[in-house]
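Reading through the structure tokens given below for one structure.
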């Protein structure tokens, strides 16, 4: 899960893969409250990051060849969509639970309200137009 962190140090560096020969951007960051360096891949978004920026990151440790490395991952489009989907599902569940806790009053009016509305409708005055309208009766 991605969290918001405030950057205390950030470095983007253009590099070329040793075996593949393909260019990539290396990203190294430190976040407030943690003196460790986290490394990962940068992109056009990370190139604009500066010390003091608050950004969404996933910080984790990963084993490689028997050694633990501190890694950083930046959210891509699908990760952001998945996070938003989970958030919306949680909100819908909260709303469903709240509606269930309210009982049926949110869905249909009570018996008393229904009877009151029926009584008001039966005593309402209905406008009856006159049988004959003369030209002099018109206000204009």
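With each pseudo-label sitting 7 Å past Cα toward Cβ, what's the residue 56-residue 102 distance in nm, one decimal?
3.0 nm
Mind sorting 58, 77, 91 by how few other Cβ atoms lie within 10 Å of their own Cβ, fewest first?
Numbers: 58 16, 77 7, 91 10.
Neighbour counts put them in this order, fewest first: 77, 91, 58.
Taking 25 Å as R0, compute the FRET efficiency from the Cβ-Cβ separation of residue 81 and residue 16 and round it to 0.05.
Numbers: r = 31 Å, r/R0 = 1.25.
After rounding to 0.05, the efficiency reads 0.20.
For labels at residue 8 and residue 110 in the simple 7 Å Cα→Cβ model, what's the distance in nm?
Each label point lies 7 Å from its Cα, and together they span 5.9 nm.
Since every read-out is calculated from the coordinates, none of them should be taken as a lab result. Just so we're clear, the structure is a prediction, and the values are computed from it rather than from any experiment. In this analysis, Cβ positions are derived from the backbone assuming ideal geometry, glycine residues included, and neighbour counts consider all displayed protein chains.
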